[in-house]
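To keep things clear, I will list the structure first and then write my remarks on it.
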């Protein structure tokens, strides 16, 4: 396929999927726990399941693997927690436990050690229905709400996503509710592990602390307990977003609904009603994959990348699609307060969130990307004020080590990982290579260089975090290919760090597959020796090709082979197919298949190559021009 037709087809495909309001978003595909937990939530709140029953069963069973298991990502190993939650939801939905699919699933669960080996969150879901003993759940006292931000283990030590989850769970765990699941589930307990169900996993001081807290929980009078619950409930209600959700993601949303219900809010209460209705907007239902719940939605992120892809393809700023997208992004800028102010006082917000409605939690990564999109797609005067506000906010959010995290400044408290509760990977939000790189790329586009203290500190951080092989870790994309591309893009935009870029390019050359593409699996978060190893994917191949292009190596053999792979893999309708998960929610625990990644990044790489041949300008040169 010729490059021009590839880019034209990709452009037509993307334009046809823009919402009339100006935004894009692709499905954010995760594992089946989102749907399974929604089923359990509805059962806990007494909401009927008939409307979703058939579609949810279809979705969960369609994603079951041949061995009977479910995993965290495409071609992942069997995961006991995911499989237990899927099995439990199917039981609630009325699937015959003697069916072949269910027998196979149960065998996997028992082969992996049964529910005693599940993560804490799975155990909590079962405990809500009396299918797991509450004394086997780590204690999270609601009195934590009394801790000021400077004392360890206060709410603001947690990352925003964990904070929004821990707060309502402290209410839930202190209440220890038990409601009717409607089905038995004792079969998920492996014989001989019954005593393990009553043991909290952990060691050392924090395990003894949990035992002490459990003794406290047995006291008939606990001074301040109800006051703590009331304050936590008020904290939760104050953070409900316009769409009815919490944090823009599923975990704090569902636990907030459960906690508020336990504190006396019935389903017809305005807060509860708004929250339940909002979940409907996160649901998808089609013939291809049944009824499922998305963990999140990504319109701001997707729209910013869409603008960059279209501009790379030569679509002018004056095009109606660009105009409406830019206006929508400008209108989405957040100027109000949020939890980020706890450690960044006296600063006005100028950020963007990932989602349609998440004004309390703008994030630095989205903000940096939106600024790049506005610079590429905006016209003089239209975006100037928004960009200036964004720059000031992002620079103020720099952490004390000179780099940037996603949501908070100086969210480093690794001591949290020693809590028995913290068996789910990401409890804090420290600075990362990819977010820092996006910020530096934004600052470069705004005219900054290494003389800017913010740029200099970010460069120092990136130099310190480059791996021995030349690659960088990717926190929010899988994994080292993503982190390496982000960093190369930043360094080349600044015209700095040539030695680092050279080593990174060598690493990419060594990781190219025989078919010309690049690939890497989520397993690299568990075993870094697999960095850059995996079946080729369109998105990861494009990240590698974009790295070569940013470094000025358009004619490099590896770059040309990558471009050929992208052209060969493009479908007749102008897009690409990619079942692999190349987005990261929580390393080692939660991964994402962004359905637009497979399209946006290959389109950009091919468009950059076309621009070199037909328009005499590269995407990097165009980005660097002031509006």
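The values are calculated or read from the model by the stated rules, or taken from the named source; none is laboratory data. Keep in mind the model is a prediction, meaning the values are calculated, not measured. For neighbour counting, all protein chains shown are included, and Cβ atoms are generated from backbone atoms with ideal geometry for every residue, glycine included.
Could you identify the single residue in 385, 408 that is more than 19 Å from residue 493 (Cα to Cα) and not in a loop (DSSP other than H, G, I, E, B)? So that I can check it myself, show each step before the final result.
Values: 408 fails: not in a loop (DSSP other than H, G, I, E, B).
Going through 385, 408 in turn, just one is more than 19 Å from residue 493 (Cα to Cα) and not in a loop (DSSP other than H, G, I, E, B): 385.
Only one residue in 175, 199, 231 is at pLDDT 95 or above and within 30 Å of residue 88 (Cβ to Cβ), so which one is that?
Numbers: 199 fails: at pLDDT 95 or above; 231 fails: within 30 Å of residue 88 (Cβ to Cβ).
Criteria check complete, one pass: 175.
Scan the range 564-579 for residues that are touching a helix residue (DSSP H, G or I) at 6+ places or on another chain (Cβ under 8 Å), in contact (Cβ under 8 Å) with a residue 60 or more places away in the chain and part of a loop (DSSP other than H, G, I, E, B) and jot them down.
Within the range 564-579, 570, 573, 574, 575 qualify.
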Inset, instruction - Select from the range 372-386 the residues that are crowded, with 23+ Cβ neighbours inside 10 Å and either free of Cβ contacts under 8 Å to residues at least 12 places away in the same chain or within 17 Å of residue 455 (Cα to Cα) (or both) and list them in ascending order. - result: 372
Inset, instruction - Run residue 260 past the list (1) assigned to a helix (DSSP H, G or I); (2) within 14 Å of residue 161 (Cα to Cα) and report the number of the one that doesn't hold. - result: (2)
Inset, instruction - Being part of a loop (DSSP other than H, G, I, E, B) and out of contact with any helix residue (DSSP H, G or I) (no Cβ under 8 Å at 6 or more places or on another chain) is the filter here, so list the residues in the range 263-297 that pass it. - result: 264, 268, 281, 287, 288, 297
Inset, instruction - Looking for whichever is at pLDDT 95 or above, surrounded by fewer than 23 Cβ atoms within 10 Å (Cβ to Cβ) and touching a strand residue (DSSP E or B) at 6+ places or on another chain (Cβ under 9 Å) here; the options are 475, 389, 463. Which one fits? - result: 389
Inset, instruction - Inspect all residues belonging to the range 591-604 and state whether any of them is in a helix (DSSP H, G or I), at pLDDT 95 or above and more than 22 Å from the chain's Cα centre (by Cα). - result: yes
Inset, instruction - Could you check, for the range 519-532, whether at least one of its residues is surrounded by fewer than 21 Cβ atoms within 10 Å (Cβ to Cβ), out of contact with any strand residue (DSSP E or B) (no Cβ under 7 Å at 6 or more places or on another chain) and in a loop (DSSP other than H, G, I, E, B)? - result: yes
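Would you confirm whether any residue within the range 396-404 is surrounded by fewer than 18 Cβ atoms within 10 Å (Cβ to Cβ) and outside any helix (DSSP H, G or I)?
Step one: list which residues in the range 396-404 are surrounded by fewer than 18 Cβ atoms within 10 Å (Cβ to Cβ), which gives 396, 400-401.
Those left that are additionally outside any helix (DSSP H, G or I): 400-401.
So far as the range 396-404 goes, yes, one or more of its residues are surrounded by fewer than 18 Cβ atoms within 10 Å (Cβ to Cβ) and outside any helix (DSSP H, G or I).
So, in the range 304-329, of the ones that are surrounded by fewer than 18 Cβ atoms within 10 Å (Cβ to Cβ) and in contact with a helix residue (DSSP H, G or I) (Cβ under 9 Å, 6 or more places away or on another chain), which residue ends up nearest to residue 249 (Cα to Cα)? Spell out the reasoning first.
Taking the range 304-329 first, the residues surrounded by fewer than 18 Cβ atoms within 10 Å (Cβ to Cβ) are 314, 316-320, 323-324, 327.
Right, trim to in contact with a helix residue (DSSP H, G or I) (Cβ under 9 Å, 6 or more places away or on another chain) and you get 314, 316-317, 319, 323.
Numbers: 314: 35, 316: 34, 317: 33, 319: 33, 323: 29 Å.
Here the residue is 323.
Residue by residue, here is whether (1) part of a helix (DSSP H, G or I); (2) in the same structural domain as residue 181 (by TED's automatic domain parsing); (3) in contact (Cβ under 8 Å) with a residue 40 or more places away in the chain holds:
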{"residue": "11", "(1), (2), (3)": "yes, no, yes"}
{"residue": "14", "(1), (2), (3)": "yes, no, yes"}
{"residue": "21", "(1), (2), (3)": "no, no, yes"}
{"residue": "37", "(1), (2), (3)": "yes, yes, yes"}
{"residue": "41", "(1), (2), (3)": "yes, yes, yes"}
{"residue": "48", "(1), (2), (3)": "no, yes, no"}
{"residue": "55", "(1), (2), (3)": "yes, yes, yes"}
{"residue": "59", "(1), (2), (3)": "yes, yes, yes"}
{"residue": "66", "(1), (2), (3)": "no, yes, no"}
Inset, instruction - With the checklist (1) in contact with a strand residue (DSSP E or B) (Cβ under 8 Å, 6 or more places away or on another chain); (2) outside any helix (DSSP H, G or I); (3) farther than 25 Å from residue 236 by Cβ in hand, flag the one item residue 315 doesn't pass. - result: (1)
Inset, instruction - Say whether the condition of being touching a residue at least 60 places away in the same chain (Cβ under 8 Å), part of a loop (DSSP other than H, G, I, E, B) and more than 30 Å from residue 536 (Cα to Cα) is met by at least one residue in the range 79-98. - result: yes
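Among the listed residues 36, 3, 21, which satisfies the condition of being over 23 Å from the mean Cα position of the chain (by Cα) and either at pLDDT 95 or above or closer than 23 Å to residue 522 by Cβ (or both)? Working first, answer last.
On the way: 36 fails: over 23 Å from the mean Cα position of the chain (by Cα); 3 fails: either at pLDDT 95 or above or closer than 23 Å to residue 522 by Cβ (or both).
After applying the criteria, what remains is 21.
Could you check, for the range 285-303, whether at least one of its residues is free of Cβ contacts under 8 Å to residues at least 40 places away in the same chain and surrounded by 14 or more Cβ atoms within 10 Å (Cβ to Cβ)?
no
Suppose the filter is farther than 19 Å from residue 461 by Cβ and either surrounded by fewer than 24 Cβ atoms within 10 Å (Cβ to Cβ) or in the same structural domain as residue 470 (by TED's automatic domain parsing) (or both); does residue 504 pass it?
Details: farther than 19 Å from residue 461 by Cβ: no; either surrounded by fewer than 24 Cβ atoms within 10 Å (Cβ to Cβ) or in the same structural domain as residue 470 (by TED's automatic domain parsing) (or both): yes.
Against the criterion (farther than 19 Å from residue 461 by Cβ and either surrounded by fewer than 24 Cβ atoms within 10 Å (Cβ to Cβ) or in the same structural domain as residue 470 (by TED's automatic domain parsing) (or both)), residue 504 does not qualify.
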Inset, instruction - Considering each residue of the range 533-561, count those that are in a loop (DSSP other than H, G, I, E, B) and either surrounded by 24 or more Cβ atoms within 10 Å (Cβ to Cβ) or touching a helix residue (DSSP H, G or I) at 6+ places or on another chain (Cβ under 8 Å) (or both), and give that number. - result: 9
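For the range 139-166, how many residues are assigned to a loop (DSSP other than H, G, I, E, B) and either within 25 Å of the chain's Cα centre (by Cα) or not assigned by TED's automatic domain parsing to the domain that holds residue 84 (or both)? First the steps, then the outcome.
Narrowing the range 139-166 to residues assigned to a loop (DSSP other than H, G, I, E, B): 139-141, 147-154, 158-159.
Adding the requirement that they be either within 25 Å of the chain's Cα centre (by Cα) or not assigned by TED's automatic domain parsing to the domain that holds residue 84 (or both) leaves 140, 153-154, 158-159.
Here the count works out to 5.
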Inset, instruction - Collect the residues in the range 151-193 that are within 20 Å of residue 105 (Cα to Cα), in contact (Cβ under 8 Å) with a residue 24 or more places away in the chain and in contact with a helix residue (DSSP H, G or I) (Cβ under 9 Å, 6 or more places away or on another chain), keeping them in residue-number order. - result: 181, 182, 183, 185, 187, 188, 189, 190, 193
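How about the range 446-458: which of its residues are in contact with a helix residue (DSSP H, G or I) (Cβ under 8 Å, 6 or more places away or on another chain) and either on the phi > 0 side of the Ramachandran plot or crowded, with 24+ Cβ neighbours inside 10 Å (or both)? Show your work before the answer.
Going residue by residue through the range 446-458, those that are in contact with a helix residue (DSSP H, G or I) (Cβ under 8 Å, 6 or more places away or on another chain) are 446, 448-450, 452, 454-455, 458.
Across the range 446-458, the qualifying residue is only 458.
Only one residue in 250, 226, 240 is surrounded by fewer than 15 Cβ atoms within 10 Å (Cβ to Cβ) and either in contact (Cβ under 8 Å) with a residue 24 or more places away in the chain or at negative phi (or both). Which one? Please lay out each step first, then the result.
Numbers: 250 fails: surrounded by fewer than 15 Cβ atoms within 10 Å (Cβ to Cβ); 240 fails: surrounded by fewer than 15 Cβ atoms within 10 Å (Cβ to Cβ).
Exactly one residue qualifies, and that residue is 226.
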Legend entry - Matching option when the condition is assigned by TED's automatic domain parsing to the domain that holds residue 592 and over 30 Å from residue 591 (Cα atoms), among 454, 493, 489: 454
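To keep it simple, each residue is scored yes or no on (1) in a helix (DSSP H, G or I); (2) in the same structural domain as residue 42 (by TED's automatic domain parsing); (3) in contact with a strand residue (DSSP E or B) (Cβ under 6 Å, 6 or more places away or on another chain).
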residue	(1), (2), (3)
174	yes, yes, no
184	no, yes, no
187	yes, yes, no
223	no, yes, no
232	yes, yes, no
236	yes, yes, no
244	no, yes, no
248	no, yes, no
252	yes, yes, yes
